[in-house]
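Undergrad: One structure coming up, written as structure tokens, with questions to follow.
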């Protein structure tokens, strides 16, 4: 096994402070495995860190990458259920306390001590990464690494749409923000049986709105050139959406969601954004709306998504638009930032 490896390192809390660096191959603890990385997805959060626009704590220097899979190269002394050569995909909660009420009841994604790969712990944009065995799920040989790398964002979308929200066949669902998570939320709503499936974005999102159509969106809306509230009055019974997924994160998206959701409807916010609101929440009260956040995912989500990906129930074809080696990381980051790529996947090895 090699002694050193290349890694995409976020090295300072300032814009563009990311570069490819050589690092020692990490040593595992007794409860960990050393994973030979097969593929790692580029997430919007990686790009936020690249531009130093993140709204979460980051410990630098840190190797980026939290959407990953690969082959077990080495197993710690106390690891059970995994062995060298196993093909696996990893969850993102690199560190949790394991003792609090949330951890003990399976809601470890909400553990106050949680920190994730690529922000608080070295991630997988490298040849090897250390992973606690509790994070791992087996994947079958017929699931390619390039698809398996999207298990994590699929789980984020599944948790937001299928676990946290209620979607019934015939519902009207709006997804605001056609980034990778928004597009995967679109997929989940389609699978759940939404009748009117509307994806909204800006003029710059034109190519991603085209992808939303390929994924089954019945309507796409450029909010910069459309009166969205009036538009929604022409959909279904005119009362608004049964469910609005805010996958954009900016304050304006939540304001729009409050305007277009039907009385008694749901808004699930999965997008991050540090801006202050600067608008009234009175519609939340007036319409008796159920507003909630959705963060990360749980073990059950992963056990649902892996078979769905294997069976190709989730359409990733229009979403994965670039697969590249690690030395092309910057093109992938810049391409996703500008909209050239919808989703890029890096294959370090």
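The values are calculated or read from the model by the stated rules, or taken from the named source; none is laboratory data. Treat the numbers as computed from the prediction; the structure is a model and nothing was measured. So basically every Cβ, Gly included, is an ideal-geometry build from the backbone, and we count neighbours across all protein chains shown.
Undergrad: Please find, among 166, 92, the residue that is surrounded by fewer than 23 Cβ atoms within 10 Å (Cβ to Cβ), within 20 Å of the chain's Cα centre (by Cα) and touching a residue at least 40 places away in the same chain (Cβ under 8 Å).
TA: Going through 166, 92 in turn, the sole match is 166.
Undergrad: Which condition breaks for residue 54 when tested against (1) in contact with a helix residue (DSSP H, G or I) (Cβ under 9 Å, 6 or more places away or on another chain); (2) modelled with pLDDT under 95; (3) surrounded by fewer than 17 Cβ atoms within 10 Å (Cβ to Cβ)?
TA: (3)
Undergrad: Then there is this: Hey, residue 288 hits all of (1) part of a loop (DSSP other than H, G, I, E, B); (2) touching a helix residue (DSSP H, G or I) at 6+ places or on another chain (Cβ under 9 Å); (3) over 22 Å from residue 190 (Cβ atoms) but one; which does it fall short on?
TA: Among (1) part of a loop (DSSP other than H, G, I, E, B); (2) touching a helix residue (DSSP H, G or I) at 6+ places or on another chain (Cβ under 9 Å); (3) over 22 Å from residue 190 (Cβ atoms), the lone unmet condition for residue 288 is (2).
Undergrad: Against the condition free of Cβ contacts under 8 Å to residues at least 60 places away in the same chain, surrounded by fewer than 21 Cβ atoms within 10 Å (Cβ to Cβ), closer than 20 Å to residue 144 by Cα and within 17 Å of the chain's Cα centre (by Cα), how does residue 321 come out, does it pass?
TA: yes
Undergrad: Continuing with the same structure: Going by the conditions given, is residue 105 over 19 Å from the mean Cα position of the chain (by Cα), touching a residue at least 24 places away in the same chain (Cβ under 8 Å) and in the same structural domain as residue 322 (by TED's automatic domain parsing)?
TA: Judged against the criteria, residue 105 is not a match.
Undergrad: Could you grab the pairs with beta carbons closer than 6 Å, sequence gap of 6+ or different chains, first residue in region 50-67 and at positive phi and in the same structural domain as residue 38 (by TED's automatic domain parsing), second one crowded, with 19+ Cβ neighbours inside 10 Å and not in a loop (DSSP other than H, G, I, E, B)?
TA: Short answer, once both residue conditions are applied: 65/40.
Each row is one residue, and each column tells you yes or no for (1) touching a residue at least 12 places away in the same chain (Cβ under 8 Å); (2) outside any helix (DSSP H, G or I); (3) over 17 Å from the mean Cα position of the chain (by Cα).
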{"position": "119", "(1), (2), (3)": "yes, yes, no"}
{"position": "123", "(1), (2), (3)": "yes, yes, no"}
{"position": "130", "(1), (2), (3)": "yes, yes, yes"}
{"position": "134", "(1), (2), (3)": "yes, no, yes"}
{"position": "140", "(1), (2), (3)": "yes, yes, yes"}
{"position": "143", "(1), (2), (3)": "yes, yes, yes"}
{"position": "147", "(1), (2), (3)": "yes, no, no"}
{"position": "154", "(1), (2), (3)": "yes, no, no"}
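Undergrad: Just name the residue that is nearest to the chain's Cα centre (by Cα) out of those in region 214-251 that are part of a helix (DSSP H, G or I) and surrounded by fewer than 15 Cβ atoms within 10 Å (Cβ to Cβ).
TA: The qualifying residue nearest to the chain's Cα centre (by Cα) is 214.
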